[in-house]
Amino acid sequence: MRLPVNRALLFISFFFALANICLIIQLINHTAETRVNETSRNVQPTPALNNRSGGTDQPSPASGKQTSLRELAKKKNLLIGTSLRHWPFTREHKYREILYREFNTITIENAMKIENIHPQPDHYNFSESDLLVDFASDHQMKVRGHTLVWDKGLPTWITEGKYSKEETKRILKEHIQMIVSHYKGKVFAWDVVNEAFHDDGTYRDNFWFRSIGPEYIELAFRWAHEADPDALLFYNDYNNEGSNAKSDTIYQMISDFKKRGVPIHGVGFQLHTAIDQKPDLKAISKNMKRLADLNIQVHITELDVKVNKKQAATKEAWDQQAEIYGDLLKTCLSASNCKAFIMWGFTDRHSWLEEYSPLIFDKNYNPKPAYQKLIDILSQSAGFPATFRLPSSVAAAHRS
Ligand code: GLA
């Protein structure tokens, strides 16, 4: 008689144990799924990390809650930014966390380049850039569009299409207007034309120059303006920040555009540099000043500072790197028209120059001396000069 009762009890216990195991498995699956599916729109702002010296999220006992570049830049009315890559963005929580904690502006590194966003004549691929733009808007960050016209990153349907001059103009106009209207009101500034001049100031003999002639630059600005009259339109280049033939050519081009009413609002100084290639700060300030006199803004657009493997063994190298970041930030803050300080990435883990550790966070997302230098300068320096005035048509778009 006792056996069946025991069996029944055994059966019931077994059943409950099984049910519990199922419940636990379900919970584990749910947590894992939540992590995997955690793309930008699902990412909720989390509290600022307190620890600036280690790789964990533990609060630093000495400092308590620390500030961020973003918080400090806001007080200076400065846009502080980074370029942004889709791959780590969708896979690394830490990447997204630092991104919105430290920056108020982003440039999408590759997804808006022609071969990615317009891979076939009748096909536009907005999915990657939409995700990043939506993230920015959800986190009150501004977006710089990069880049509408460049001779690199062109798909073969354009370069090998054997189009006439008029057909190439039509293709470029449609491309520019499709992208700019798609992001109307979401992208506040565009790098309309990228790297159109050689260092000696002559026109780069690129695909657009050969097919359309030098007027492709002016046309691109006009077409972009038609598509979004509120967007700020920039010419972007490297080695154009100081005093040289290229920066003179750009200055002359802008003076001419201004006289003839071609819409242009800013110049981007890419500023890819290195610790043994110290930028000439006086020349940069002077160049910023002459552009301010034309009512032209400057954005530092792609800053990174290379340290080679041999140099990286010494502490001095990181201090020199920090010095250059700091000097350029001070130069920007002291110019009335320098409105944005944007780095080409923020972690050495995801940089086009990965082997030169050129950014302000290391490969494990630890802040480097360069990061601390930017914090120190933003904490100290005086407010942003209020002398520069944007043209009224674009002032609203620039307001943060
Ligand atoms: C130029 C371009 C950027 C990027 C860098 C290298 O500066 O403007 O988009 O491609 O080269 O990564």
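Please treat every number below as a calculation from the coordinates, not as lab data. What you see is a predicted model, and the numbers here were worked out from it, not measured in a lab.
Before moving on, here are some points about what is shown:
- Antiparallel bridge percentage (DSSP; both residues within region 79-157; nearest 5): 10
- Scalar couplings 3J(HN,Hα) for region 352-360, obtained by applying the Karplus form with A = 6.51, B = -1.76, C = 1.60 to θ = phi - 60°, are 5, 10, 2, 6, 10, 6, x, 10, 9 Hz; x denotes Gly and Pro.
- Once the gyration tensor of the Cα atoms in region 65-397 is diagonalised, the equivalent ellipsoid follows with semi-axes of 30, 23, 20 Å, ordered largest first.
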